[in-house]
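Trainee: Once you've had a glance at the structure underneath, I'll fire off some questions.
The values are calculated or read from the model by the stated rules, or taken from the named source; none is laboratory data. As the structure is a prediction and not an experimental result, all values here were calculated from the model. Cβ placement follows ideal geometry from the backbone for every residue including glycine, while neighbour counts extend to all protein chains displayed. Remember, those area values only see protein heavy atoms, side chains included, never the ligands or the DNA or RNA. Shrake-Rupley method; radii C 1.70, N 1.55, O 1.52, S 1.80 Å.
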Amino acid sequence: MSVIIVGAGPTGLMLAGDLAEAGADVTLLEKRAEESNLTRAFALHARTLELFDMRGIADEIVDQGFEVSGVRVDLGGGETALDLDHPESRFKYVLTVAQARTETLLQRRAEDLGVRIRRGAEVVGLEQDGDGVTLSVRTRDGAHTERASYVVGADGAHSVVRRLLGVGFSGRSYDTHIILADVRPDQELPPAINPYMGADGVALLPPYGDGWFRAIVWDRSRQDVPLDHPVSLDELNDSLRRITGGRISVAEMSWSTRFLSERRQADRYRVGRVLLAGDAAHVHSPMGAMGMNTGIQDAANLAWKLAAQERGRAPTWLLDTYEGERHPVGRQALRVTDFVQRMAVAPAPVRAIRAHVVPRLLRVRRFTAAMRRLISGLGVRYDRPREVEDSPSVGRRVDDLPLVRAGEPTRLYELVDPTRFTLLDTTAQGSAAEAAQPWEDRVLSVRVRGDLPEGADVLLVRPDGHVAWSGEHPAPGQVRQVLAEWTGAP
Ligand SMILES: Cc1cc2nc3c(=O)[nH]c(=O)nc-3n(C[C@H](O)[C@H](O)[C@H](O)COP(=O)(O)OP(=O)(O)OC[C@H]3O[C@@H](n4cnc5c(N)ncnc54)[C@H](O)[C@@H]3O)c2cc1C
């Protein structure tokens, strides 16, 4: 079983690790010869951390970042507090950490699991037939072809795989470009996201942790400056002075660029044996910090389905649920980030309304809870595939339930296996766990004590931590039917 992933960004690295853990033969092709230490994303949201937790790598990245549980922002009518607490998650905050650190963590995991990472290998051609996909690859030593059963394009916003498939990338560019710079401010800043809003735009200053900060600036008054025009320290200080009302200036700048963000989504996520994930499938404003998080979550949704397909254990409909489930999530990320971007980088008439309306909205708990759940990924719920039996919580993210296994306290995310389904049986007889035995190569069945959602006493969890099915005193035949629906005959 072989899969080639094009692009060793966070999406490709997460997917590669998951596929390799599921037993696939995985090659990652990356056109850059060197590892990147360029930081774009600086925030990990709760759902991504939960997925890392299920893979045993969350604590390591949490130790390297800052836990931000609230933001204070001045929208024009005085400071408003934005609570980022997630009561339903072990990760009750947004973690600020440089993208390069997240990539290093995912790369090490992928390599430990046996992924071959080939740097300096650029994909320039693609052809597929009934048995597999052939890629034309250019390296320093010349051109060659590589073949695999499936290919995933995780090759970023300008995806060559997407172009070679002829898949449209519908949407548009924003008017105001972003100035990115690594800076050392003159002032002491807390280890937080540090947002500032002014008449001319928005500035964010998340920390690196060593006295340096990333400046991310949308300055409407500079939007006509050409993208290839270098950013000077004076220009940056002038933008910061206007936007922050003179509160922030920077003494040193080590690197800077201009970047025009876009709002686009691939029309399809799958064409035959080739799939798209991460920025190759969707790009949006960095406002809301959802890009990398959505890509990593795409990978967690796709990996187990692709692994099952490759092994011939997937029901015929399973792989198509990747697009069915993740395309709407991508569309929602475009909408949410667009809303936040429009509110933040707003023209004068909108700013006047914003100063009055947004602080009020932010005092409505249900509104802020809904926004937090949207942005953090904790609110994602997938529709039930019509081929599988219905049950109350199907498709929902499963909480990290406290459980007792063999007399020892544990929690659900310690049990969940990202390569297999997990069947939790809390009945005294354990008949569901017993019924699942013939599927043990693809279903981990465990007898536990604890409260399951919606009064169920048997819960089937997908490898990506969503509910596949739940039941109350189900007959063994019903359990067997559900397992066969999701994972095929034993
Ligand atoms: C200023 C800024 C701030 C951001 N902040 C956040 C944030 O806080 N949180 C968040 O979630 N997201 C954020 N994002 C978005 C985030 O950086 C991206 O969504 C993320 O990097 C996408 O990951 P990816 O793996 O899908 O693609 P990429 O990271 O773009 O990786 C694609 C890889 O594919 C390689 N490649 C391309 N073409 C080929 C080819 N033909 N052959 C082989 N390899 C190829 C590239 O070299 C690259 O390494 C931010 C973006 C910006 C610009």
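Trainee: Any idea what the relative contact order of segment 223-305 is, in percent, if you count C-alpha pairs under 8 Å spaced at least 6 apart?
Mentor: Numbers: 63 pairs, mean separation 17.7, N = 83.
Across segment 223-305, relative contact order equals 21 percent.
Trainee: Using helices alone, I'd like the mean residue ellipticity at 222 nm for the chain: each DSSP H run of four-plus residues gives -39500 (n - 2.57), total over residue count, nearest 500. Before the final figure, lay out each step's value.
Mentor: Working: 13 runs with 153 residues, N = 490.
Computed mean residue ellipticity for the chain: -9500 deg cm²/dmol.
Trainee: Please compute the alpha carbon radius of gyration of the chain, then divide it by the globular-protein estimate 2.2 N^0.38 Å. Two decimals is fine.
Mentor: Working: Rg = 23.4 Å, N = 490, 2.2 N^0.38 = 23.2 Å.
Cα Rg divided by the expected 2.2 N^0.38 Å: 1.01.
Trainee: Here's a follow-up. So for segment 131-229, averaging the separation of alpha carbon pairs under 8 Å that are six or more residues apart and normalising by length, what relative contact order in percent results?
Mentor: On the way: 119 pairs, mean separation 19.7, N = 99.
Normalised by residue count, the contact order of segment 131-229 is 20 percent.
Trainee: Not counting ligands, DNA or RNA, and with a 1.4 Å probe, what is S173's accessible surface area in Å² rounded to the nearest 10?
Mentor: Counting only protein heavy atoms, S173 exposes about 40 Å² to solvent.
Trainee: Over the Cα atoms of segment 178-260, Rg to Rh with Kirkwood Rh, two decimal places? Working shown, then result.
Mentor: Numbers: Rg = 11.5 Å, Rh = 12.5 Å.
Using Cα coordinates only, the ratio equals 0.92.
Trainee: Based on the mean of other beta carbon atoms within 10 Å per residue, what is the order of 127-134, 338-345, most packed first? It would help to have the intermediate numbers written out before the result.
Mentor: Numbers: 127-134: 13.4, 338-345: 18.9.
Per-residue Cβ counts within 10 Å, averaged per peptide and sorted highest first, yield 338-345, 127-134.
Trainee: Determine, from the Cβ-Cβ distance of A348 and E34 and an R0 of 45 Å, the FRET efficiency 1/(1 + (r/R0)^6), rounded to the nearest 0.05. Mind dumping the intermediate values first?
Mentor: Working: r = 45 Å, r/R0 = 1.00.
FRET efficiency, A348 to E34: 0.50.
Trainee: Given R₀ = 25 Å, FRET efficiency for D441-D25 by Cβ-Cβ distance, to 0.05?
Mentor: Details: r = 18 Å, r/R0 = 0.71.
Plugging the Cβ-Cβ distance into 1/(1 + (r/R0)^6) gives 0.90.
Trainee: A further question follows. Find the accessible area per residue for segment 402-487; the probe is 1.4 Å, ligands and nucleic acids are left out, and the unit is Å².
Mentor: Working: 3460 Å² over 86 residues.
Averaged over the residues of segment 402-487, the accessible area is 40 Å².
Trainee: Return a whole-number percent for the relative contact order of the chain, with Cα pairs under 8 Å and 6 or more residues apart as the contact set. Walk me through the intermediate numbers first.
Mentor: Details: 1040 pairs, mean separation 76.2, N = 490.
Taking the mean separation of contacting Cα pairs over the length of the chain, I get 16 percent.
Trainee: Now for a separate question. Of the DSSP beta bridges with both residues in segment 1-133, give the percent that are antiparallel, rounding to the nearest 5. Before the final figure, lay out the partial values.
Mentor: Working: 11 of 20 bridges.
Of all bridge pairs located within segment 1-133, approximately 55 percent are antiparallel.
Trainee: Rounded to the nearest percent, how much of the accessible area of the chain (1.4 Å probe, protein heavy atoms only) is carbon and sulfur? Mind showing how you got there, number by number?
Mentor: Details: 9710 of 20420 Å².
Here it works out to 48 percent.
Trainee: I'd like the per residue volume of the convex hull spanned by the Cα atoms of segment 231-295, given in cubic angstrom.
Mentor: On the way: hull volume 8.0 nm³, N = 65.
Taking only Cα atoms, segment 231-295 has a hull volume of 123 Å³ per residue.
Trainee: Run the simple label-point estimate for A369 and A475 please: 7 Å along Cα→C-beta, distance reported in nm.
Mentor: Modelled inter-label distance: 3.9 nm.
Trainee: Further question on the same structure: In what order, largest first, do K31, K92, K305 sit by accessible area if the probe radius is 1.4 Å? Each step should come with its number before you reach the end.
Mentor: Details: K31 130, K92 80, K305 0 Å².
Ranked from most to least accessible, the order is K31, K92, K305.
Trainee: Let me ask something else. Given segment 1-112, report the % of alpha carbon pairs whose separation exceeds 25 Å. Intermediate values should be presented prior to the final figure.
Mentor: Numbers: 2057 of 6216 pairs.
In whole percent, the long-distance tail amounts to 33.
Trainee: Based only on Cα atoms, what Rg/Rh ratio does segment 379-490 have, Rh being taken as Kirkwood's radius?
Mentor: 0.92
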